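Notes follow once the structure below has been shown.
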Amino acid sequence: MMKVLHLVKNELKLLKKSVIIITLIFTVFLSALFGVISVQADLSQNIYADIDGSGIQLYLNVQSACLQDIRSEFEGLIVTAQKKGITQSAYLTNTNGDSFETSQTEVIDNTTIISNYNGAIISLNKATSDTLRNSSKLLQGEWPTAENEICICSYIAEYLNITTGDTLFIDDTAYTVSGIFNNNVLGYYYFVTVSNDIKLDKITAYFDSSENMYSAYAKLTNYGYTVEMPPTVNSYLENLSSVKGFLSSCAAILALVIIAVLYSLISIFYRQRKAYICQLKILGATKYTVAAVYCGIAVLMLFVSSSISTAFAIFFNNYILNLCSDLFGMAFSAHFNFAVPVLVFALLVLATFTFYLIFARKTKSAWVAQEIRNE
């Protein structure tokens, strides 16, 4: 055993320069690979924060859907919808028979001015109702939450002489006025609630997180609904796909280069040191001992290279980010992911053992016999 250890020590001395050179080669390629993969892996966690921080209005539209099919996907969100006869081209009528058209025409100095006072069907739970009420200067009452409630703007309330608790009719359907809000607060001029089974022309959901928005988009698309996201978000995600495709190509090329280098080095080491292998076998070393020596040297080399290259990869990480920002004209952020070098190191160790087994099968017993004759 002592003789085997002595040979291992001598082998490490002989290979010292080679290990240093190989470590430098691997450091260059590994640091680039770590940087590329780290950026790509981290982008998936950061894109949503980047979209949210860019001031984009976060919403998506669902075309022609049933309200009860949508509520579960948008629980806790503000959801508005449109439907002809209820929110568009509608007549709001009070109990005295006075009507208010959603399309108002006025002639001023021989000029016809058309003003649209369209409403929206709204779906709120208590949390979002309270948030909307506190942020929109509701004058009196509450936002509608129960079926067939309506909240109207102060202009319509004055026009029809309506107050909270009164009844309004839209197309012979009675709605209870739950609240009245400032006329200049919102783009819609009244909000109504309807039964869950109604088929709506268009539903819009408003999100505070684009991650949640994208998740809902994926689910609804899988359900077969026609879903639209804001053009700016679509453009951002398309650019992001291009960036990730570019990074994937770079990572694949670097991985192939590293595998080729690793294969070549193990092949060269094994063939050039076959006399050493014979010495180990003559001294009684088993094939497992030989494998442990050679794979141990390779793993040590990979560990040293990975440790050094991880430090360089942090630089590559920032460099690649800046390069992609310039190439694709978009700003995004990603941070170095330390799980990447650990995973790549584990894969390279596995590849090392695999390559060794390939070369070990080529070891001929005749080599050992020849070495004995030489001795």
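The values are calculated or read from the model by the stated rules, or taken from the named source; none is laboratory data. Computed from a predicted model, the values in this text were never measured in an experiment. Because the Cβ atoms are built from the backbone with ideal geometry, glycine has one as well, and the counts that use them run over all protein chains shown. Heavy atoms of the whole protein, side chains included, go into the accessibility calculation; ligands, DNA and RNA do not. Shrake-Rupley method; radii C 1.70, N 1.55, O 1.52, S 1.80 Å.
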Calculated Rg and Dmax of region 58-114 using C-alpha coordinates, Å: 17.1, 51
Whichever aspartates and glutamates have a C-alpha closer than 20 Å to that of residue 244, once near sequence neighbours (fewer than 8 apart) are set aside: 42, 50, 52, 211, 326
Sites residue 89 and residue 252, calculated FRET efficiency, Cβ-Cβ separation with R0 51 Å, nearest 0.05: 0.35
Where 299, 79, 28 fall by accessible area, highest first, once all protein chains stay in place (1.4 Å): 28, 299, 79
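Using a 1.4 angstrom probe on the protein heavy atoms only, could you order 26, 345 from most to least accessible area? Write out the running numbers ahead of the final one.
Details: 26 5, 345 50 Å².
The most accessible residue leads, giving 345, 26.
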Heavy atoms of residue 297 accessible to a 1.4 Å probe, total area in Å² rounded to 10: 20 Å²
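Mind giving me the FRET efficiency for residue 261 and residue 238? R0 is 41 Å, r the Cβ-Cβ distance, nearest 0.05 is fine. Walk me through the numbers before you get to the answer.
Values: r = 35 Å, r/R0 = 0.87.
For R0 = 41 Å, the calculated efficiency reads 0.70.
How would region 194-258 be classified by its alpha-carbon gyration tensor: rounded, prolate or oblate, with rounded meaning a/c under 1.5 and the a/b versus b/c comparison settling the rest?
On the way: a/c = 3.77, a/b = 2.97, b/c = 1.27.
Taking the square roots of the gyration eigenvalues as a ≥ b ≥ c, region 194-258 is prolate.
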Length released on extending from residue 357 to residue 304, taking residue separation times 0.36 nm less the Cα-Cα span: 16.8 nm
